[in-house]
Every structure is written in C-alpha cells, then in structure tokens.
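Take a look at the structure set out below.
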Amino acid sequence: MAGPGGAVRGRFAVVGGGIAGVTCAEKLAAEFPSEDIFLVTASPVIKAVTNFKQVSKTLEEFDVEEQPSSLLEKRYPNIRVIQSGVKQLKSDEHKIYTEDGKEYIYEKLCLCAGAKPKLIVDGNPYVLGIRDTDSAQAFQKNLAQAERIVVVGNGGIALELVYEIQGCEVIWAIKDKAIGNTFFDAGAAEFLLPKLTAESQETPMECKRTKYTVEGASDKLGSALGSDWHEGLHLKGTKEFSHKVHIEVLCEVKKIHLQQEFIQLQQTSLTFPKGEKNVEADEGELCSEYSLCAHFVLMAQGWPHDFNLPNFLLQMRLWTQARQMGWYAAKCMAAEALGESIDMDFSFELFAHITKFFNYKVVVLGKYNAQGLGSEHELMLRCTKGHEYIKVVMQNGRMMGAVLIGETDLEETFENLILNQMDLSAYGEDLLNPDIDIEDYFD
C-alpha cells in the first residue's frame, strides 16, 4: 500500500536476511496472512532453516540453507523482500529509507542486521575475515596459493577451519590454554586433538542440500555463514600433506607487517616448528616477542557478548539462538499488535546446542563449563579415547551442565536432570557408570 509522498506502507518490517530475520518474517507472515511483511536485506540471497528436527524439549537440529529470496516470497506470498541496504531509520516517524532511494512506513519493526567482524588491522590485503559467502570464497582463492597461514581465534569457525584445511601449514593462535575454549574444557580439547594428527580425514556425511551462488562479488556484508559453510569449498593449499597444524596457546597477535615492512625491520622469522606429530602445541607468555611469516592471516574471532540471562541460559550468538530469537521476536510483535499478553518461551529455560566438530557430534547443555558457579562445583568425567567424552558439572548434588562428544544418546536424559534439578547425591560416580543404563533409569 502506498503511503504519503510515495512511501510504501506495511504493518511489519524486518531488517536482515539471516536466520533471525527470515524466521521472524516467516512467523509474522503465518500469523498475519493478509498483511504485507517487508524483509529488507542487502544480499540477493537469504538464509533459510531446513530439515528442522526437535531433538528434545530444548535441543533442536536443523540445516542452514542459502536460498534466492524468490523462494521465500513463493512460500509466503505476503512477504515482500526488498534487496537494498538501509540508509536511514527514523524510529519516531516509523520510516525506513533504503539505499536505492525508496521509503517504507511500518507499524512494527524488528532489527536483525547482525554484526560486522572486527579485524586486527583494516586495509591489509593479507588479513581476511570470514563472515559470509563472499568472504569464504575469497579465503578459498587465497588458500589455493598459500603454503602457510595463521588462523586467529578459538571459536566454532576456527575449529572447523583448522580441521578442514589440507595441504597448508597452519599456525593457530589462540589466547586460551586449550582449543575450543568457547565450547569445552582442556580435557575435551585433548580428546579432539588426535583427529588433527590423522594422516587423512574421515569421509564426512554427504551434504545433499541445494547450493545457490550469486554472480559477482559485493562490497556489502551478507548474512552470516551456515553451520556447514565449508561444504562445497576446496580448502587446500599448495602442499601435498593432509594436516600440519601448530597451535600457539596463550598467544595474542601483537602486530602484522607487510613483507616489505618486515624486511626493513631486519628481523628473522621462525621456521615452522618440526616434531614427530603433525599437531604441536606451544605454551608461552601472552604477547610473546617473536615473529612468524605466513602468506595471510585469517580472523575467526567471533564477537563479544554481555547479557543478564536466566539461570541455565547463555548467550553465544549461535544458529539455534538466532532462530529462537527471531521466532520469539515475531511472537512478541504479534502479541503487542493484537493487544495480547505473552509468556517467556521454554527455549529460554536452558542453554542447549548441538553441533559437529572434527566429525564428532557435540552437545553442550546448561552451564557446561561451570559458568558463574565459582569454585563451588565438581566435575564428573567419562572418556573413551576415539569414541566418546562425557563431562557433567555438579553443584550441591544437582546437575548444572554437561558436555557430550560422540554418540552418547544421553542429551535428553541430562537435559531433564538439569531442568528438574533432582538431587543426584545418592548416585555418586555411578551417574556415569557405562555398565548402568542411566537413560532408562531416569526415563
């Protein structure tokens, strides 16, 4: 509907074509089939949730698929995808001005624009950040000509990258004591490390989803990458070996020099550390004073977060949380538009995430790293090398969190034990006894 001065009017507007924005638009379109829903995105493709599966009350599993916006409009005829960046927002007038010169008037607005990665240094052609499809393809192009790279960061993308890269020396710089600190502790890291020493990778499950590509690169930031973003990319350098990774723990990148600058400094670069294994880990002081040369530096740092949250909930900006927040935002917008009350959704009762690292299934629940518990907690472990790693966090006899790596089939049982806060003191170490079928015991 046209508004005053040529502006287009719609009841609801959503900015952002990622998982949160698309989920929000889909929920609103289903709730208000006769209303126009504006979805404003700078990218010609959107991120869609496919193959959704509710694993348990709070655990959900799905695929993230990049699709042309026309498919979304076909599924929901009342969604109008506007491919343009937002130039200006006048919230007091309920107006959005897009970069293509259009004006849109809304009643309710949801902003799901995501974030821009912060690089160590801007303007350096040898420092890359991975965020969207274009940046991932740029990384693949640079990697094909590289003998050595530095990966900075210790989150999910860094874990996937270091495991997938072949034919290239990788120096992995992390500020923590162990890899994967975002998701698990040093014990779990030790369990995963042998996968990096393997001469050849295990064959991953085939990805059968449709892949869409867009002609030409854009200088606009697109939607963040999917959970298996590396599918379809050829992540191989110029060498013929499989994995060669050197991990620098407790390390911070102090400065990055271009080649000519480094020559003028007359410093000597360290050679790639040699050892019997393909994976080495050195521990040194933060900001150690030495130099390493590489063809380029890849940033995989993630973004900081600081929120006040319910007891068993953590904010980590994951795909599952993006979908939940988009869905709940739409629910709140719909309730306010209809003058109805709304209760907190059960998705916010417990932090629960399922993913895959190093070809292992990984489930994290609640305060899986004893976040906020101080010293008043204890850990219980069960580990079978190459098969499974189970850690539970206990406080006053009650389960507060858990990490499950491998096919343990314990995620639903542990989820229920965390939520109902049953006193488990009487079971002691038998809680993780492999000879006791705990899943049936607490069913």
Notebook entry, point to check: Does His305 meet the test of being at pLDDT below 85, touching a helix residue (DSSP H, G or I) at 6+ places or on another chain (Cβ under 9 Å) and open to solvent by 60 Å² or more (accessible area, probe 1.4 Å)?
Noted result: no
Next item on the list: Just one of (1) touching a residue at least 12 places away in the same chain (Cβ under 8 Å); (2) closer than 29 Å to Asn51 by Cα; (3) open to solvent by 20 Å² or more (accessible area, probe 1.4 Å) trips up Ser135, so point out which.
Entry: (1)
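Could you go through region 151-165 and let me know if any residue there is out of contact with any Phe, Trp or Tyr (no Cβ under 6 Å at 6 or more places or on another chain) and at pLDDT 90 or above.
Here is the first cut: in region 151-165, the residues out of contact with any Phe, Trp or Tyr (no Cβ under 6 Å at 6 or more places or on another chain) are 152-158, 160-161, 164-165.
This time we only want the ones that are at pLDDT 90 or above, so: none.
No - not one qualifying residue is present in region 151-165.
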Next item on the list: Scan region 343-395 for residues that are under 14 Å from Leu410 (Cα atoms), aliphatic (A, V, I, L, M) and touching a helix residue (DSSP H, G or I) at 6+ places or on another chain (Cβ under 8 Å) and jot them down.
Entry: Ala352, Ile354, Val363, Leu365, Leu381, Ile390, Val392
Note to self: Restricting to region 146-164, count the residues that are open to solvent by less than 30 Å² (accessible area, probe 1.4 Å) and either among the small types (Gly, Ala, Ser) or within 17 Å of Val127 (Cβ to Cβ) (or both).
What the structure shows: 10
Next item on the list: For residues that are closer than 14 Å to Phe184 by Cα and not aliphatic (A, V, I, L, M), scanning just region 352-363, find the one that is most open to solvent (accessible area, probe 1.4 Å).
Entry: Lys356
Item checked: Residues that are more than 16 Å from the chain's Cα centre (by Cα) and assigned to a strand (DSSP E or B), drawn from region 135-177 -> Arg148, Ile149, Val150, Val151, Gln166, Glu169, Val170, Ile171, Trp172, Ala173
Check: Restricting attention to region 105-122, does a residue exist that is more than 27 Å from Val362 (Cα to Cα), touching a residue at least 40 places away in the same chain (Cβ under 8 Å), open to solvent by less than 40 Å² (accessible area, probe 1.4 Å) and in contact with a Lys or Arg (Cβ under 8 Å, 6 or more places away or on another chain)?
Finding: yes
Notebook entry, point to check: Here are some conditions: (1) surrounded by fewer than 22 Cβ atoms within 10 Å (Cβ to Cβ); (2) out of contact with any Gly (no Cβ under 8 Å at 6 or more places or on another chain); (3) more than 30 Å from Trp327 (Cα to Cα). Lys102 meets all but one. Which one does it not meet?
Noted result: (3)
Note to self: Restricting to region 364-404, name every residue that is in a loop (DSSP other than H, G, I, E, B), free of Cβ contacts under 8 Å to residues at least 60 places away in the same chain and open to solvent by less than 50 Å² (accessible area, probe 1.4 Å).
What the structure shows: Lys367, Ala370, Leu373, Gly397
Note to self: Consider region 1-12. How many of its residues are open to solvent by less than 10 Å² (accessible area, probe 1.4 Å) and part of a helix (DSSP H, G or I)?
What the structure shows: 0
Notebook entry, point to check: Just for region 241-272: of the residues that are over 27 Å from Leu196 (Cα atoms), free of Cβ contacts under 8 Å to residues at least 40 places away in the same chain and assigned to a loop (DSSP other than H, G, I, E, B), which one is most open to solvent (accessible area, probe 1.4 Å)?
Noted result: Gln266
Next item on the list: Select from region 13-64 the residues that are surrounded by fewer than 24 Cβ atoms within 10 Å (Cβ to Cβ) and of a type in the set (S, T, N, Q) and write down the one among them that is farthest from Gly101 (Cα to Cα).
Entry: Ser56
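Suppose the filter is without any contact (Cβ under 8 Å) to a residue 12 or more places away in the chain, of a type outside the set (Lys, Arg) and open to solvent by 50 Å² or more (accessible area, probe 1.4 Å); does Asn420 pass it? Spell out the reasoning first.
Numbers: without any contact (Cβ under 8 Å) to a residue 12 or more places away in the chain: yes; of a type outside the set (Lys, Arg): yes; open to solvent by 50 Å² or more (accessible area, probe 1.4 Å): yes.
Yes.
The values are calculated or read from the model by the stated rules, or taken from the named source; none is laboratory data. Just so it is clear, the model here is predicted, and its values are computed rather than measured. Neighbour counts run over all protein chains shown; Cβ positions are idealised from the backbone, glycine included. Side chains are part of the model used for accessible areas, which takes the heavy atoms of the whole protein and leaves out ligands, DNA and RNA. Shrake-Rupley method; radii C 1.70, N 1.55, O 1.52, S 1.80 Å.
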